[in-house]
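First comes the structure, then the notes that go with it.
Values in this text are rule-based calculations from the coordinates and carry no lab data. Predicted, not measured: the structure shown is a model, and the values here were computed from it. For neighbour counting, all protein chains shown are included, and Cβ atoms are generated from backbone atoms with ideal geometry for every residue, glycine included.
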Amino acid sequence: MAFQNASGWNNLPNGVFVPEIYSQKVQKFFRRAAVVEAITNTDYYGEIAEFGDTVHIIKEPTITVAPYARGTQVLTQDLADDEITLQVDQAFYFGFKVDDIEAKQAHLNWEDLSTSSGAYSLKDNFDAEVLAYMIAQVPTAGQFGTTGSPKSIVLGFATGVTPLQILNRHARLLDENNVPTENRWVVAPPIFWEYMRDENSAIIGIDWQSTGADSSLLRNGRVSAGKIRGFDCYQSNNVPLDSSSQYQILSGHMSSTATASQIAQVEKLRDPNSFADIVRGMHMYGRKVLRTNAMMLTHTTFS
């Protein structure tokens, strides 16, 4: 009962006449934007058949050149058939049960509600796991910073280091590795883009209030309709902190990493031991960094 009774009040004292209502509108948790599918190469998706299957990706051979003059004997080199393997070796699942009594008498559709939540959790797990894997594969030569191990840098007005300067350095390092300018991307946590807006609010071409055709930008984590310093820009809370609790800024080219989902499904079956439906979902996928020189990383704190 929501109301208190005055001392000595005995008229309908228990308050059972006051109804309690359970809303059919459920408070859902906020969903993180997923970015991995937008920044990785999915060309090998169709070549994956079963869990454990491997795609063998033949690397282009490196051809050497030699000086030539009239009469020089031309020698031939042996061609290398080096390969990279992409294997489906990651699998995650969810499962829950809804009793027939719960399904019949509940005012909510627990099966649909929980299935939606489970499917999101699988996608979010995929996004976070692949981003962490990619970051771990960036070589020392691809990490831009000034001090410490790993090399890091402090961004902010106090140090004079700005987000645009970080993107400039990443772009230059990719240029030096002959990485194509098309299909470059950068993924960073929200604080990085906050400092970017503080630096130059006009540089973010479209705000969060996107509508119409541009409304998809928010859903996949895009923060700008156009490129910034040649990068497609993404915001993600799935970019992990490093071991020193520093933020990480990851950039690269779409060809740097391949991903392939083999199974992403949800199914329902009857529980043999009770009157209930079991709902379960599974996601099986593979990921492989193909070009370590096509990714750049900066460990940073903000002043």
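Mean separation of Cα pairs under 8 Å and 6+ residues apart, divided by the residue count of the stretch 38-147: what relative contact order is that in percent? Mind showing how you got there, number by number?
On the way: 55 pairs, mean separation 24.4, N = 110.
Dividing the mean separation by the residue count of the stretch 38-147 yields 22 percent.
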| said: I'd like to know which of Met196, Phe94, Ser243 lies farthest towards the positive end of the charge dipole of the stretch 36-302, counting +1 on Cβ of Lys and Arg and -1 on Cβ of Asp and Glu. | reply: Met196
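Determine, for each peptide in 92-99, 60-67, the mean count of other beta carbons within 10 angstrom over its residues, then list the peptides with the highest first.
Details: 92-99: 15.1, 60-67: 7.1.
Per-residue Cβ counts within 10 Å, averaged per peptide and sorted highest first, yield 92-99, 60-67.
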| said: Less than 12 Å Cβ to Cβ from Ala171, Lys/Arg counted +1 and Asp/Glu -1: what total charge do the surrounding residues give? | reply: +3
| remark: Reduced to Cα centres, the span from the stretch 82-145 to the stretch 244-259 in Å works out to 19 Å
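Compare the peptides 161-174, 76-89, 258-271, 116-129 by average per-residue count of other Cβ atoms within 10 angstrom and give them in order, highest first.
161-174, 116-129, 258-271, 76-89
Can you bin the stretch 36-302 into rounded, prolate or oblate? Criterion: square roots of the alpha carbon gyration tensor eigenvalues sorted a ≥ b ≥ c, rounded for a/c under 1.5, prolate for a/b above b/c, oblate for the rest. Working shown, then result.
Values: a/c = 2.51, a/b = 1.38, b/c = 1.82.
Oblate is the answer for the stretch 36-302, as a/c is 1.5 or above yet b/c matches or exceeds a/b.
Using Cα-Cα distances under 8 Å and only pairs 6 or more residues apart, what relative contact order does the stretch 36-302 have, in percent? Write out the running numbers ahead of the final one.
Working: 456 pairs, mean separation 83.1, N = 267.
Once divided by the residue count of the stretch 36-302, the mean separation gives 31 percent.
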